[in-house]
Structure formats: structure tokens, C-alpha cells
Amino acid sequence: MAGMTTSRPARPARLWRLSLTVCTAAWLAACGALDHLRLRPVEPPPPEAASALTAKPGWTATRHAVAAANPLAAEAGRHVLAQGGSAVDAAIAVQMVLTLVEPQSSGIGGGAFLLHWDGQRARAYDGRETAPAAADGRLFLDPSGKPMAFHDAVVGGRSVGVPGTVKMLEMAHARHGKLPWSVLFEPAIRLAEGGFAVSPRLHTLLAADAHLRKDPVAAAYFYLDGQPLPIGHTLKNPLLAEVLRRLSVDGARALHQGEIAQDIADKVQRHPTNPGRLTTADLAAYQPKERPPLCHPHMAAGRTWTLCGFPPPSSGAIAIGQILGMLGQTEAAHAPLTGAGLPSAAWLHTYAEASRLAFADRALYVADPDFVAAPDGDWRSLLDPAYLHERARRIGPQRASDVPAGQRGLVRTSLAPMPDQPEYGTSHISIVDGDGHAVSMTTTIEDAFGARQMVRGFLLNNELTDFSFLPADSAGRPIANRVEPGKRPRSSMAPTLVFDDRGQLAMTGGSPGGALIIHYTAKTLHGVLEWGLSPQQAIDLPNFGTTGGPVVLEKGRFPAAVVEALKGRGHEVREQDMTSGLQAITRASAAGRTVWRGGADPRREGVVLGD
Ligand code: GLU
């Protein structure tokens with residue numbers, strides 16, 4: 001933590017200890033309950049198993065800062081920044097180390113969204129995975145036409161999409177890099193060759209996972225005599241070191257063409273029980289995209305902020321903008337935290353109702369914009385204040401029995417809403433460099449350990465299970481997020497940049513957590529902008545949310561009176577682990593100078609490092 005100071009004392013550890021919860025049973029129950037045909041929302045269990053909670057102090061830095069989910073990755077980013085590297089340079093170094101040390105969450109076998117601020121303009125770089133050319137709407141249907149069980153679809157080759165992270169980073173580096181590309185791989189190569197200590201969280205997730213050990217290559221790397229590698233075990237990954245070395249010399253081409261691409265395609269196609277259709281031609285054809293970020297004004301604490309988020313194929317920014325926008329139309333907008341430092345039951349009720357309305361729009365409209373037209377021709381139509389005002393009028397004192405999607409423009413959509421599906425396994429990186437330029441990047445291999453397929457020391461994603469398993473509803477109306485060749489699956493990832501009323505960068509943040517990313521990020525934004533909390537205090541607030549069904553509250557963090565009050569308003573309430581992995585950096589000033597304040601989630605292993 002070179003040069004950084006902690007901003008407040010750590011809480012006593014005992015307040016934060018949770019039992020190591022292995023949620024396999026809950027997971028199976030939720031998957032078994034997934035009812036695609038009746039469009040009933042199912043609350044997913046937390047995307048990655050919970051591990052111990054560790055209090056985080058909150059950090060400050062004056063020159064530059066990097067927040068990432070693992071200390072070794074954050075240190076690689078800080079090293080790059082200290083050498084004069086840009087925020088994008090640091091993000092590349094962080095991502096390469098995360099591939100090694102946090103393999104359950106993201107890596108070069110997955111996809112990512114990167115939002116960039118160059119001091120003048122925000123840009124959105126889309127490295128989301130694509131479906132192979134041979135994929136179609138039947139990909140996740142069994143021979144009788146029914147959707148496959150979630151993990152039957154995930155594990156194997158079927159769910160693997162064309163990875164996009166490295167090509168996207170290459171595109172961003174060509175525009176915003178300051179240090180040579182090859183230098184940025186050095187920390188990860190060094191660690192892969194010299195070894196790193198298996199973290200408590202990696203150990204916990206290895207112990208919890210029933211599928212990874214079925215891949216002989218992954219089993220040999222992650223398990224010793226059938227047991228997960230112990231905490232602190234020095235793990236070396238020479239195969240990944242070699243891949244990273246090739247990437248450092250030849251660029252993303254080394255992954256998308258030649259021997260490594262061939263190995264990826266072989267692994268997918270030759271899976272013994274669940275092969276996929278990804279080919280070397282798919283890998284060679286992949287293109288990252290620059291998209292216009294979704295920016296809109298947001299009122300909080302009497303000030304006008306600008307929230308910039310990632311447009312479709314992510315649903316994150318639209319849903320967050322809708323929820324906060326609808327909340328702003330109600331009395332709950334300016335309700336303070338209670339004396340206990342928690343949101344009140346009345347506020348949670350309004351938030352939940354706004355969320356149910358937002359998730360109804362998400363299910364109907366949001367999908368890859370290269371395949372599906374935005375309602376009324378523009379995704380911003382879903383954030384139009386007049387539309388949100390109209391939608392917010394549906395929020396009453398009791399839970400609404402019916403929350404249909406809204407209608408934009410004159411043409412009624414012919415689409416069917418997508419049923420709820422689980423979404424999992426991701427990491428968030430926030431960086432501010434010495435020029436005040438910033439990155440907010442959320443990066444994923446989808447489920448924890450992705451498709452559980454290891455190739456040359458890295459894991460392949462299962463991102464295709466973010467598509468709707470059903471291509472259409474029972475009336476034959478197509479679902480916007482159905483599988484189509486070359487299409488990007490809908491995401492919930494919500495890397496976010498916030499600007500103040502002078503157009504200055506005020507915050508960079510985001511989280512993993514499947515569909516609940518939307519709530520984790522919305523909570524943090526509201527905590528910082530409306531409740532005036534530091535990023536660490538906002539991240540520490542208990543998690544809550546709903547994807548349309550029950551209201552989910554973070555287990556053990558809300559008093560019984562709040563639970564009862566929500567039930568009294570007609571909600572089913574479920575208390576469970578909610579394993580967010582929030583990371584955020586905000587601007588503050590001290591003695592007339594800019595100070596960057598960072599926060600990292602106590603529910604995972606992240607830190608903020610800087611100088
Ligand atoms: N695959 C999910 C998405 O893109 C993210 C999964 C997670 O965060 O755990 O929305």
C-alpha cells in the first residue's frame with residue numbers, strides 16, 4: 001500500500017465473520033426451480049460462494065490509484081501507474097495477473113466491458129464474447145425442446161463463447177496506452193513462473209465446486225490428491241506464462257489464430273459429453289467494438305451528476321438508471337439512512353418496486369444492439385425522465401401484483417420477455433492515472449471457473465448461458481436475447497463513471513454478481529451521491545435487491561423489524577449471502593488538492609493501492 005493512508009479504523013473482525021458457506025445445495029435448489037416456461041422470476045443464489053468477510057479500511061491517494069479484486073493484481077497495476085503508465089496500461093497488467101490469481105472470476109478466456117475517460121470524453125469498449133457462427137436458438141434446448149438444466153448447459157464446450165477481453169484491451173491500448181504492450185505482461189509472467197500463494201477465496205471456491213475437477217487438466221492444476229490446493233500453497237503456471245509471453249510479443253493474434261486458437265477449438269469441440277460449436281474461424285473473426293457510452297443526468301443531494309454506463313449488450317446501466325431515476329420521482333428519493341446506518345423499510349420497498357419495473361423492461365427489450373433494435377430507436381428512450389415519471393406512478397404503498405414492461409413510442413413490441421436465469425463469476429477494476437484519466441472495467445468468465453475447461457493454463461468462459469435458453473415464448477414470440485450466430489449475450493455488468501456538475505470525474509466503480517450487479521452498483525452510487533458516504537462506507541452497506549420476485553436481503557445484516565415491515569407490504573423476503581465484489585474510487589479534495597478515495601468490498605479480497 002505504498003504511500004497510501006487508511007481513512008478510518010477497521011471494524012472489529014468478529015462483526016464481520018461469516019461461516020464459510022458453500023452454497024451448492026441452495027444453488028441446486030434454485031436451478032431445479034428454474035421455470036422457463038411460466039416466466040416466473042427465480043432469485044439466483046449468490047454468483048460465487050461467499051467466503052469470509054474482511055473489514056476494509058478505505059484508502060486515499062494523491063497521484064493515482066487502482067482498485068482490484070486481488071492484492072497481487074492491484075500491485076501490478078500500481079507498479080504500471082508508478083512507471084508513468086496510463087489507466088488502460090494498468091488495466092491490462094491487472095487483467096493478466098487476475099487471469100492467474102483469480103481464475104474463478106475473469107481472464108483471457110473471457111469477455112469484458114471497459115469504460116474510459118480521457119479527460120474530455122468517455123468511451124465504451126466492448127469485449128463481450130460472441131456466439132459461434134454455428135450456434136442457433138436450439139443451443140440450450142434438449143432433444144424434446146425443453147431448456148437444459150443450468151449446469152448441464154454450463155459445464156463443457158457448449159457454453160463457450162469467443163473470448164473478447166484481450167482483443168478489446170489491445171484496441172483500448174492502441175488509443176490510450178502509454179507504455180509498450182509487452183511490458184504490461186511482465187508482472188503476470190513473473191508470478192506465473194515464480195508462483196503465487198493460493199488465496200483463501202480461491203481455496204474456498206475450489207472446495208465448493210463440483211464440476212472443475214471433472215476436467216482432467218483443471219483437476220491436475222487445482223487439486224492435490226482430489227483435495228483443493230490449500231491456502232498459501234505456491235502455485236506455478238508455466239503454461240499460462242508461455243501464453244502470456246506470446247501475447248506480449250504477437251498481441252491478441254496469438255490467442256485468436258494459430259496453435260492456441262486450435263487448442264481452444266479442440267477443447268470445445270472434443271468435450272466427451274457436452275461439446276460445443278466454436279471453431280478457429282470464429283476465433284479469427286472476433287471483433288471488439290467501440291460503442292457510445294450511455295450517459296444521463298442524475299439528481300442527488302441537490303446536485304446534478306452525470307452517470308455514464310455501458311450500453312447494450314449490457315443491461316446494467318439502463319437498469320441502474322431506471323431504478324435511480326424512478327426512485328428520484330418518489331418521496332424515498334431523499335430519505336436518509338436510519339440511525340442504525342441502514343436504509344429504512346419504506347425506502348427498501350420503494351427501491352424494490354422500482355427494481356421490479358426496471359427488470360420488466362430489461363427482460364423485454366435488452367439484447368445485443370447489433371441484432372435487436374432499441375425501443376423507439378434509442379436505448380436512452382428507456383431513461384427518458386418523462387417515461388420514468390410515468391413508470392414510477394405504478395409504485396404504491398404495497399407490492400404491485402403486476403409489473404409489466406413499459407411501452408416506448410407508438411409501435412408495440414413483438415418480443416416476448418426473457419425468463420429469469422442465473423448469472424455468475426466476475427471481477428471489477430477501477431483505476432485513475434496520473435493525468436486524471438480513468439478506467440472502469442468489469443471482466444468475466446461468467447460462472448465461477450467458467451465452463452470448467454482449462455486450456456494452456458487458463459479457463460474458458462461459459463458466457464453463452466447468459467443468452468435466453470428459450471428462443472421464443474409459447475406463443476412463438478421471439479425473445480430479444482435468444483441465441484443467434486455471432487451475437488453477444490446480454491450482460492448485467494455495469495462499469496460506471498460519474499461526473500460532477502463541472503464535468504469533472506467524480507467516481508469510477510462497479511461490481512461482479514450476476515443480475516445483482518445492478519443492485520450492488522446502484523446501492524454504491526446512491527450511498528456516495530445521495531447519502532454522502534465514502535466509497536468504503538457505501539460498499540460496506542448491506543446488500544439488497546430484487547430481480548422481480550422476492551426481495552433479497554443480505555443475510556444477518558437487517559433487523560427483524562425491517563423484514564417484517566417488507567412482508568407487511570406484500571413482499572416475500574429472502575435473506576441470503578450476497579457476494580458483491582464492489583470496487584470504487586471517488587474524487588475528494590483536501591487543502592485544495594484532489595485526493596482519490598478508494599473502497600474495496602469486504603466480501604472479497606480486493607484492495608485499493610496507489611501513491
Ligand atoms: N456473466 C454475467 C454478466 O455478464 C456476470 C456474472 C457475474 O458477475 O458473476 O452479466
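Of everything in the range 161-186, what is buried (at least 24 other Cβ atoms within 10 Å of the Cβ) and among the β-branched types (Val, Ile, Thr)? Give them in sequence order.
The answer is VAL162, THR165, VAL166.
For the range 555-589, which positions are within 30 Å of ALA65 (Cβ to Cβ), surrounded by fewer than 21 Cβ atoms within 10 Å (Cβ to Cβ) and among the charged types (D, E, K, R)?
Across the range 555-589, the qualifying residues are ARG557, ARG587.
Taking the criterion of being within 28 Å of ILE585 (Cα to Cα) and surrounded by fewer than 21 Cβ atoms within 10 Å (Cβ to Cβ), would at least one residue in the range 410-423 satisfy it?
no
Within the range 195-224, track down each residue that is under 20 Å from LEU240 (Cα atoms) and in a loop (DSSP other than H, G, I, E, B).
Within the range 195-224, GLY195, VAL198, SER199, ASP215 meet the criteria.
Among ARG201, ARG138, ARG158, ARG128, which is within 23 Å of ARG452 (Cα to Cα), touching a residue at least 60 places away in the same chain (Cβ under 8 Å), out of contact with any Cys (no Cβ under 7 Å at 6 or more places or on another chain) and loosely packed, with under 15 Cβ neighbours inside 10 Å?
After ruling out the rest, the residue left standing is ARG138.
Could you tell me which of the residues ARG246, ARG201 is out of contact with any helix residue (DSSP H, G or I) (no Cβ under 7 Å at 6 or more places or on another chain) and not acidic (Asp, Glu)?
Exactly one of ARG246, ARG201 is out of contact with any helix residue (DSSP H, G or I) (no Cβ under 7 Å at 6 or more places or on another chain) and not acidic (Asp, Glu), namely ARG201.
Quick test of your reading of the structure: GLN576 fulfils all but one of (1) polar (S, T, N, Q); (2) out of contact with any Pro (no Cβ under 6 Å at 6 or more places or on another chain); (3) away from the ligand (no atom under 16 Å from the Cβ). Name the failing condition by number.
Result: GLN576 fails condition (3) only.
Just one of ILE231, ILE189 is over 21 Å from the mean Cα position of the chain (by Cα), of a type in the set (Val, Ile, Thr) and crowded, with 17+ Cβ neighbours inside 10 Å; which is it?
ILE189
Every residue in the range 238-286 that is not in a helix (DSSP H, G or I) and not hydroxyl-bearing (Ser, Thr, Tyr), please.
Of everything in the range 238-286, those that are not in a helix (DSSP H, G or I) and not hydroxyl-bearing (Ser, Thr, Tyr) turn out to be GLY251, ALA252, GLN257, ARG270, HIS271, PRO272, ASN274, PRO275, GLY276, ARG277, LEU278.
Could you name every one of the helices (runs of 4 or more DSSP H) located completely within the range 293-408 that has at least 3 residues being buried (at least 17 other Cβ atoms within 10 Å of the Cβ) and under 26 Å from the mean Cα position of the chain (by Cα)?
Once the helices (runs of 4 or more DSSP H) in the range 293-408 are filtered for at least 3 residues that are buried (at least 17 other Cβ atoms within 10 Å of the Cβ) and under 26 Å from the mean Cα position of the chain (by Cα), what remains is 316-327, 345-365.
What are the pairs with Cβ atoms under 6 angstrom where one residue, in the range 90-111, is closer than 22 Å to LYS289 by Cβ and in contact (Cβ under 8 Å) with a residue 60 or more places away in the chain and the other, located anywhere, is within 16 Å of the ligand (Cβ to nearest atom) and of a type in the set (D, E, K, R)? Sequence gap at least six, or different chains.
Listed pairs, sorted by first residue: GLY111/ARG128; GLY111/GLU129; GLY111/GLU463.
For GLY476, all conditions in the list (1) modelled with pLDDT of 95 or more; (2) in contact with a strand residue (DSSP E or B) (Cβ under 9 Å, 6 or more places away or on another chain) hold save one; what is the number of the exception?
(1)
Looking at the range 101-132 only, could you name the residues that are on the phi > 0 side of the Ramachandran plot and within 14 Å of the ligand (Cβ to nearest atom)?
Passing the criteria: only GLY107.
Looking only at strands (runs of 3 or more DSSP E) that fall completely inside the range 418-512, which ones have 1 or more residues that are within 12 Å of the ligand (Cβ to nearest atom)?
Passing ranges, in order: 426-432, 438-444, 505-510.
Name the pairs: first residue in the range 275-298 and under 25 Å from PHE310 (Cα atoms), second residue assigned to a loop (DSSP other than H, G, I, E, B) and among the basic types (Lys, Arg), Cβ to Cβ under 9 Å, at least 6 apart or on different chains?
Every condition considered, the pairs that remain are PRO288/ARG128; LYS289/ARG128; LYS289/ARG488.
Under 9 Å between Cβ atoms, at least 6 apart or on separate chains: pull out the pairs that start in the range 423-445 with a residue that is free of Cβ contacts under 8 Å to residues at least 60 places away in the same chain and over 17 Å from SER105 (Cβ atoms) and end on any residue that is part of a strand (DSSP E or B) and more than 16 Å from the ligand (Cβ to nearest atom).
Within 9 Å, no pair qualifies.
Do we find that PRO311 is within 16 Å of the ligand (Cβ to nearest atom) and touching a residue at least 24 places away in the same chain (Cβ under 8 Å) in this structure?
So PRO311 passes the test.
Which condition breaks for GLY339 when tested against (1) within 27 Å of ARG399 (Cα to Cα); (2) in contact (Cβ under 8 Å) with a residue 24 or more places away in the chain?
The failed condition is (2).
Identify, from the list VAL154, VAL162, the residue that is over 24 Å from ALA252 (Cα atoms), within 16 Å of the ligand (Cβ to nearest atom) and modelled with pLDDT of 95 or more.
VAL154
The values are calculated or read from the model by the stated rules, or taken from the named source; none is laboratory data. Every value quoted in this text rests on a predicted model; they were computed, and no experiment measured them. So basically every Cβ, Gly included, is an ideal-geometry build from the backbone, and we count neighbours across all protein chains shown.
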